[in-house]
1. From the phi of every residue in segment 174-180, what ³J(HN,Hα) in whole Hz does the Karplus formula 6.51 cos²θ - 1.76 cosθ + 1.60 yield, where θ is phi - 60° and glycine or proline is x?
2. Add +1 for every Lys or Arg and -1 for every Asp or Glu among the other residues with Cβ under 11 Å from the Cβ of residue 197, and state the total.
3. Using θ = phi - 60° and the Karplus relation 6.51 cos²θ - 1.76 cosθ + 1.60, list the HN-Hα couplings for segment 132-138 in order, rounded to whole Hz, with x at every Gly or Pro.
4. Quick one, which of (i) 1.18; (ii) 1.01; (iii) 1.11 is the actual Cα Rg over 2.2 N^0.38 Å calculated for this model?
5. Would you work out the Kirkwood radius for segment 157-229? I mean one over the mean of 1/r across all pairs of different Cα atoms, in Å.
6. Could you list which residues have their amide H under 5 Å from that of residue 169, counting only those 5 or more apart in sequence or on another chain, with H placed in the peptide plane?
7. Under the rule of at least 5 residues apart or a separate chain, name every residue whose amide H is placed under 5 Å from the amide H of residue 210.
8. Does segment 186-259 come out rounded, prolate or oblate by the C-alpha gyration tensor, with a ≥ b ≥ c the root eigenvalues, rounded set by a/c under 1.5 and, if not, prolate when a/b is larger than b/c and oblate if not?
Amino acid sequence: MSASAILNAWHAHLAQARRRSPHTVRAYVATAERLIEATGLTDWPALARIDASALRQQLARRRADGLGNASTARELSALKGFIAFARAQAGMADPTAPRMRGPRIKKGLPRPVTPDEAINLAAGVEENAAVEWIGARDRAVLMLLYGAGLRIAEALSLTGAALPLGDVLTVTGKGGKQRAVPILPLVAAAVADYAAKCPWPIERDKPLFMGARGGPLSQGMVQKAMASARKALGLPQTATPHALRHAFATHLLSGGADLRAVQLLLGHADISTTQIYTHVVTDELRDLLEAAHPMARA
């Protein structure tokens, strides 16, 4: 059996059976490809026999390439998934991957932008654009991230069928799970403005947001536009498109929103993921307390 046949089967399993995102599929297939290149194994039974010791050696090689803790943890997850798949393909009674612990990851807190910064960033990408319709497009995307809490991939996966935006938008998130997201009038207006200015025909079954030549808009172009606006506004490098989604959640909780409601809006499968944002709000309240309470100055 060839390495390409193995990788193609792994790709199909991830994309079709597991319904993983294109980004995850690419990363996991690349991890499997590196393992095959390092071991020279090109058949399911041989790959199925890979044990924890061999996986540790592979991770050590990747560590030598400069992989950090978070990336190493993701690499291990991909390796274990691939070995489990190989064991199932080889017909093993127990397809479970070797048990081993990854590096400890300090759970980082999101660093959201302020409400003013979020609005200024959305306006900034529009002002910095060389072409009017592209500026309107980038502003509409960022408004969906901050005003509706969408992931950038979710915003870019919208099709023309979403138009015109109503009070509620159906979004397809991770794992193909759908959720209903309320749409604020300002967000709907931004998307409508882009649709009116877009020189390319927006079709129901084609991407809503398009690149300069009419093809699908890439995440990289949105990130580039935001980086330019961020620099012009003097904001830190942490002011990324994903930071707008962080800001959406944090600002809702700061305003008294229910944690469960925010979980539903973000599309988190586990509420513990949403609880990260409560720590940010608590830190902000602690800073306020220390700055304003008389006992803090005692």
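The values are calculated or read from the model by the stated rules, or taken from the named source; none is laboratory data. None of the values given here were measured: they were computed from a predicted structure. When we count neighbours, we look across all protein chains shown, and the Cβ atoms used for this are built from the backbone with ideal geometry, even at glycine. These accessible areas exclude ligands, DNA and RNA; they are computed on the full protein's heavy atoms, side chains included. Shrake-Rupley method; radii C 1.70, N 1.55, O 1.52, S 1.80 Å.
1. Once θ is set to phi - 60°, the couplings for segment 174-180 become 4, x, x, 6, 9, 9, 9 Hz.
2. Working: positive: 137, 139; negative: 126, 132, 193.
The answer is -1.
3. Per-residue couplings from phi come out as 4, 5, 5, x, 5, 5, 5 Hz.
4. Read-out from the structure maps to (i).
5. Numbers: mean 1/r = 0.0745 Å⁻¹.
In segment 157-229 this quantity evaluates to 13.4 Å.
6. Residues meeting the amide H criterion: 181, 183.
7. 217
8. In terms of gyration-tensor shape, oblate.
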